[in-house]
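Student: The structure is given below, and queries will be raised subsequently.
What follows is calculated from the coordinates using simple rules that are stated; it is not laboratory data. Since the structure is predicted, the reported quantities are computational estimates derived from the model, not experimental observations. Heads up, the Cβs are rebuilt from the backbone with ideal geometry, glycines too, and the neighbour counts pull from every protein chain shown.
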Amino acid sequence: MKIAFGCDHGGWPLRDTIIQALRDSRHEVLDLGPESPESSDYPDYANAVARAVVEGKADLGVLACGTGIGMAISANKVPGAYAANVSDTYSARMAREHNGANILTLGGRTLGTEVAREVLQAFVESEVSPLVRHQRRRKKIKGVEQANAQ
Ligand code: RB5
């Protein structure tokens, strides 16, 4: 798969781990920055990665900031982006299978590199469930998005 990646300075400690883990699993990484650990603003990278995913330039997105929260809040403002801030492998799997998340956000100040690697792997290797009840609920999420579009 092609996976878009972005982080801020808070997520920088996970950057190399994430990119290397994806490449080791033979995924192509679309690195949307930054290029250094200087202080930066997470909404800029969340927007870039979310847009890459909804525009079909990437199959999935991965974002990292201090907690993963700011990245998730920002990415979820892009219609069609479904970002989940996850810190355990079960939630990573559920985020894909049940919720249809297309972006994973991770916390560089809350997760060690080994846990982050496992959460990432669980997310990327899981597939969206075709079960009707899950489809119905995901459709309702889209309905909420459309009903509130400006
Ligand atoms: C930056 O200090 C920090 O606020 C950011 O990385 C992130 O944790 C926001 O959610």
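Student: Scan the stretch 78-88 and give yes if some residue there is within 14 Å of the ligand (Cβ to nearest atom), part of a helix (DSSP H, G or I), on the phi < 0 side of the Ramachandran plot and not hydroxyl-bearing (Ser, Thr, Tyr), otherwise no.
Tutor: no
Student: A further question follows. Any idea how many residues of the stretch 1-28 are within 16 Å of the ligand (Cβ to nearest atom) and either in contact with an Asp or Glu (Cβ under 6 Å, 6 or more places away or on another chain) or of a type outside the set (Phe, Trp, Tyr) (or both)?
Tutor: Within the stretch 1-28, the subset within 16 Å of the ligand (Cβ to nearest atom) is 5-15, 18.
Next cut, either in contact with an Asp or Glu (Cβ under 6 Å, 6 or more places away or on another chain) or of a type outside the set (Phe, Trp, Tyr) (or both) only: 5-11, 13-15, 18.
Residues meeting the conditions: 11.
Student: Applying the selection to the stretch 1-24, what residues are in contact with a His (Cβ under 8 Å, 6 or more places away or on another chain) and within 14 Å of Thr105 (Cα to Cα)?
Tutor: Of everything in the stretch 1-24, just one residue is in contact with a His (Cβ under 8 Å, 6 or more places away or on another chain) and within 14 Å of Thr105 (Cα to Cα), namely Ile3.
Student: Additional query: Among the listed residues Thr67, Thr110, Thr89, identify the single one that is touching an Asp or Glu at 6+ places or on another chain (Cβ under 8 Å) and surrounded by fewer than 24 Cβ atoms within 10 Å (Cβ to Cβ).
Tutor: Only one candidate qualifies: Thr89.
Student: Within the stretch 89-121, count every residue that is in contact with a strand residue (DSSP E or B) (Cβ under 9 Å, 6 or more places away or on another chain), outside any strand (DSSP E or B) and small (Gly, Ala, Ser).
Tutor: Number satisfying all stated conditions: 6.
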